[in-house]
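Working notes, beginning with the structure itself.
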Amino acid sequence: AFRLQLLNDPRAAELVQATAEKAGWIRRTGPQQRELDGDWVQGQGFAYARYFHSKFPGFGAAWAAWVADVAIDKQTGDVSVTRVVIGHDAGMMVNPDGVRHQIHGNVIQTLSRSLMEKVAFNEHGVASREWGGYPIIGFRDLPPIEVVLMPRQEEPPMGAGESASVPGPAALANALFDATGRRFYAAPFTPDAVRAALHATP
């Protein structure tokens with residue numbers, strides 16, 4: 001609702017509303033901190049952005065909106081993304097399946113970067129010198145990804161290269177806040193980072 005108040009672009013507003021509806025967005029005014037079994041809590045986060053090309057101020061391209069559902073183990077700090085619903089407006093689509101596949105790739109790469117990808121350093125410099133020492137997301141950690149493609153076949157094509165990635169980290173950070181009541185400002189949201197935030201003095 002806050003995002004919609006600030007949007008003066010009807011096309012963007014329609015995307016936000018369609019994505020929220022598909023995801024079953026739960027309206028609230030503060031973090032839900034819904035408890036699951038054991039030490040787990042769950043949350044839901046939203047973010048929206050439009051991709052811009054070229055040098056500042058650039059020119060607008062495709063729009064994207066995320067709703068991410070997460071579950072967090074408060075003891076270990078482990079974050080499990082349980083579902084991603086992503087709305088996308090790329091204008092006319094020559095091959096909608098190709099656009100959908102590109103969006104899936106964007107989501108997978110964004111989840112990997114946001115949750116685990118981090119270059120490690122030691123006293124000698126960079127310690128992540130081979131792929132075995134650099135974590136990336138695996139198939140078992142991927143959530144269901146549901147794509148909402150806006151029907152804009154009468155509009156110019158705008159591409160779907162990286163636009164779906166842009167709102168991802170913010171949506172995950174908002175989901176973490178919804179689950180824990182703590183704000184997260186810097187990705188990756190690793191278990192160590194989550195534990196530190198949960199045990200920090202408010």
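The values are calculated or read from the model by the stated rules, or taken from the named source; none is laboratory data. Just so it is clear, the model here is predicted, and its values are computed rather than measured. A quick note on method: Cβ atoms are made from the backbone with ideal geometry, for glycine too, and the neighbour counts reach across all protein chains shown. Ligands, DNA and RNA are stripped out before the accessible areas are found, and what is left, the full protein with its side chains, is counted by its heavy atoms. Shrake-Rupley method; radii C 1.70, N 1.55, O 1.52, S 1.80 Å.
Scanning region 10-27 for residues that are over 19 Å from the mean Cα position of the chain (by Cα) and surrounded by fewer than 13 Cβ atoms within 10 Å (Cβ to Cβ) gives a single hit, P10. Within the bounds of region 72-93, is there any residue that is of a type in the set (D, E), more than 24 Å from W25 (Cβ to Cβ), open to solvent by less than 50 Å² (accessible area, probe 1.4 Å) and part of a loop (DSSP other than H, G, I, E, B)? No: region 72-93 contains no residue that is of a type in the set (D, E), more than 24 Å from W25 (Cβ to Cβ), open to solvent by less than 50 Å² (accessible area, probe 1.4 Å) and part of a loop (DSSP other than H, G, I, E, B). Any residue at all in region 134-153 that's of a type in the set (K, R) and modelled with pLDDT under 90? Checking region 134-153: not a single residue is of a type in the set (K, R) and modelled with pLDDT under 90. Across region 109-157, the number of residues qualifying as assigned to a loop (DSSP other than H, G, I, E, B), in contact with a Pro (Cβ under 8 Å, 6 or more places away or on another chain) and open to solvent by less than 70 Å² (accessible area, probe 1.4 Å) comes to 2. All of V81, V107, V85 fail the test of being at pLDDT 95 or above and touching a Lys or Arg at 6+ places or on another chain (Cβ under 9 Å), apart from V85. Is it true that A160 is among the aliphatic types (A, V, I, L, M), buried (at least 16 other Cβ atoms within 10 Å of the Cβ) and not in a loop (DSSP other than H, G, I, E, B)? No; evaluated as a whole, the condition is false for this residue. When we screen Q5, Q32 for residues that are polar (S, T, N, Q), assigned to a loop (DSSP other than H, G, I, E, B) and more than 16 Å from the chain's Cα centre (by Cα), the only hit is Q32. Consider F56 carefully, then state whether it is surrounded by 14 or more Cβ atoms within 10 Å (Cβ to Cβ) and either modelled with pLDDT of 95 or more or out of contact with any Ser or Thr (no Cβ under 7 Å at 6 or more places or on another chain) (or both). When the stated conditions are applied, F56 does not pass them.
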